[in-house]
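To start, the structure itself, in structure tokens.
The values are calculated or read from the model by the stated rules, or taken from the named source; none is laboratory data. Keep in mind the model is a prediction, meaning the values are calculated, not measured. With ideal geometry, Cβ positions are generated from the backbone for all residues, glycine too; neighbour counts draw on all protein chains shown. Accessible surface areas use protein heavy atoms only, side chains included; no ligands, DNA or RNA. Shrake-Rupley method; radii C 1.70, N 1.55, O 1.52, S 1.80 Å.
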Amino acid sequence: MSETIAVAARNVGKVFGAGAHTFTALGDVSIEIEKGEFFTLLGPSGCGKTTLLRCIAGFETPTTGTIELSGRDITHTPPNKRPVNTVFQSYALFPHLTVAENLGFGLKMLGKSRTEIDTSVARVLALVQMQAFADRLPQQLSGGQQQRVALARALAPEPQVLLLDEPLSALDLKLRKEMQGELKRLQIETGITFLFVTHDQEEALTMSNRIGVMSAGALLQVGTPHDIYERPVSRFVADFIGETNFLEATVEDGGVRLGSGDVLAVPPSGRTGTVTLAIRPEQIKIGQDGLSARVVATTYLGTDTHYTLALSDHSTLVARVQSNSGADLKPGDAVHVTIDAQSVQVLAT
Amino acid sequence: MGKRRFDVTTLPGFTFIAITAFVLLYAPIFTLVIYSFNGGNSVNVWGGFSLKWYAIAAQNEAVQSAAIRSVIIAVSASGIATTVATMAALGTTRRGRFKGQTAIYIMINQPLMVPEIVTAVALLIFFSSIKIATGYTGLGYLILAHAAFCVPFAYLPIRARLEGMDMTMETAAADLYASPWQTFRYVTLPLLMPGVIAGAMLAFVISLDDVIITEFVKSAGQDTLPTYMLGQLRRALTPEVNAISTVLLALTVVILTAFFLITRKRD
């Protein structure tokens, strides 16, 4: 069992400061990341995702709990003795060393021979397609090129786990999209476990095998992008990933009753009393039958159009409709909507 | 109508005062330099252009040995001071704020604030008891005394450089398997080098022209160039002193220019 686990955090807590001025960055986080996985820690800034990453890298020591690497306890191992490398948000390339010297730094510190270093440097330079830049200094490179060098430098010593701390956040949108594909390709080619930290839900959904959603020092949900998007366990997760409508409802036999009086036949959730329904905009269809609603506003987004709809009790919903579907609705129009009850998530209020 | 920003250069008489200040600062130095080329025997009566006082100074054995002694002391003292200052700068910047940090800063920079004559008298008394106890009367005392007052001059540029340096460089080195010593050797020190060189040069210049502490601490026959020149004042003053001063001035200007070029290049 443990042979398939690359990194594990067990009941990890981290408290900064002392006395009256303490800040709990991590509550009590347990997580297991499998070998060869592209795992993303996703959450807003200040949620503790970077602190967890730094605990795994060895830059911080957890206040409580343990960190394991391939089943070995490394909680108190200094960073230079951990077979784990980091791609920093600021890249942290050594400005006084050339690209090739930057790439060879880790191997040199490990005491590898000149020929071994040269072979590895050539390999990772090819991996990130930077062969032409081996003798440049970092400040002679563009942001995207520095990013590739930072990635190659961390990959050169062939770490057991590659940690990536929001590495794409400094790039412009087009380059970021390109690098997302690039990162995924590198992960598959090298087979190295990637632990990626980001606040960008789209980045997380497109690249990851699994995602861990964090908030306020706690891990809220771990699952595949599909799981997280389709079956969020809490209002926070549903809200953070993609767009979601939230509706108050009361649990009844055979479904839930909305504030408008309509009943939705949602699958049994085990919850009782007042609940919050999470409904994705694309799960709402505008048609001839169903709940009556009125169009409040329309937002044209190119491929899709968002319609803000008010139900009879004035609660609002946003529906996403393909712009070329022919429905040309205006504010004030009376419509009927159907909600895909099977995909509605019933959450605690 | 918006308020104009206060600008000192628009005040009446600004130009006049500025020019006067510069003239007062530099006229004596120019006079000194000009009279070092005097063919006559006076430091204030012109007797034609000549390099003879440079030749006389260069052939004067007392000047020669004082110059060599000055350089030995300045090189050793700035070396020691720079090493100590680098360690002090690392200790005060490469960690979180700690209790008593301000007190440490003040203690490191003490020679900038305590009157030099006080330090000189203290060292005289302190060293003379050591001299009696050990019998050693070499240059070591002067080197140590100079190293002590050179520390803050070396410390300030090194600390400034360290504070401008990103800590993630060291974190990245540790992440790439560098031990704390390797991190210092291959990352921190190379990045710190401009600050270290600047600090060493400043310390060298400060040591080179010190008079007060040297005068108190030196044993018999341990004149440096500045104390030798001070001794000459008691006799008939010749342009030889001007020539020595001009050489010292030229050396200082060269070193300080290099200092500014090194510190500016990185900004």
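Observations
- Screening A:124, A:29 for residues that are among the β-branched types (Val, Ile, Thr) and within 14 Å of chain B (Cβ to nearest Cβ) leaves exactly one candidate, A:124.
- Helices (runs of 4 or more DSSP H) wholly inside the range B:46-147 that include at least 1 residues being among the hydroxyl-bearing types (Ser, Thr, Tyr) and open to solvent by less than 60 Å² (accessible area, probe 1.4 Å): B:52-59, B:61-93, B:101-108, B:116-134
- Check on residue B:249, more than 27 Å from residue B:137 (Cβ to Cβ), open to solvent by 60 Å² or more (accessible area, probe 1.4 Å), outside any loop (DSSP other than H, G, I, E, B) and touching a residue at least 60 places away in the same chain (Cβ under 8 Å): yes
- Of all residues in the range B:8-35, those satisfying the criterion of being over 26 Å from residue B:241 (Cα atoms) and loosely packed, with under 11 Cβ neighbours inside 10 Å are B:8, B:9, B:10, B:11, B:12, B:13, B:15, B:16, B:19.
- Meets criteria (under 29 Å from the mean Cα position of the chain (by Cα) and of a type outside the set (Asp, Glu)) for residue B:182: no
- Hey, residue B:137 within 14 Å of chain A (Cβ to nearest Cβ) and of a type in the set (Ser, Thr, Tyr) or not: no
- If the condition is being open to solvent by 20 Å² or more (accessible area, probe 1.4 Å), in contact with a strand residue (DSSP E or B) (Cβ under 8 Å, 6 or more places away or on another chain) and farther than 14 Å from residue A:5 by Cα, then the range A:67-87 contributes only A:83.
- Considering only residues in the range A:270-292 that are more than 22 Å from residue A:321 (Cα to Cα) and open to solvent by less than 60 Å² (accessible area, probe 1.4 Å), the one that is farthest from the chain's Cα centre (by Cα) turns out to be A:273.
- Scanning the range B:1-59 for residues that are of a type in the set (Val, Ile, Thr) and either under 20 Å from residue B:235 (Cα atoms) or touching a Cys at 6+ places or on another chain (Cβ under 9 Å) (or both) yields B:43, B:45, B:56.
- Contact map, the range A:230-256: first residue on the phi > 0 side of the Ramachandran plot, second residue at pLDDT 85 or above and assigned to a loop (DSSP other than H, G, I, E, B), Cβ cut-off under 8 Å, separation 6 or more or different chains; pairs are A:242/A:280.
- Which numbered condition residue A:56 misses (of (1) open to solvent by less than 40 Å² (accessible area, probe 1.4 Å); (2) not in a helix (DSSP H, G or I)): (2)
- Qualifying position, being within 30 Å of residue B:170 (Cα to Cα) and either in a helix (DSSP H, G or I) or open to solvent by less than 50 Å² (accessible area, probe 1.4 Å) (or both), among B:226, B:194: B:194
- Search result, residues across the range A:88-104 that are within 10 Å of chain B (Cβ to nearest Cβ) and open to solvent by 10 Å² or more (accessible area, probe 1.4 Å): A:88, A:89, A:90, A:91, A:93, A:95, A:96, A:97, A:101
- Residue B:176 passes every criterion in (1) under 30 Å from residue A:160 (Cα atoms); (2) open to solvent by 10 Å² or more (accessible area, probe 1.4 Å) apart from (2).
- Residue satisfying condition, being at pLDDT 90 or above, under 14 Å from residue B:146 (Cα atoms) and among the aromatic types (Phe, Trp, Tyr), within set B:204, B:184: B:204
- Given (1) under 15 Å from residue A:85 (Cβ atoms); (2) of a type outside the set (D, E, K, R); (3) more than 28 Å from the chain's Cα centre (by Cα), number of the condition residue A:139 does not satisfy: (1)
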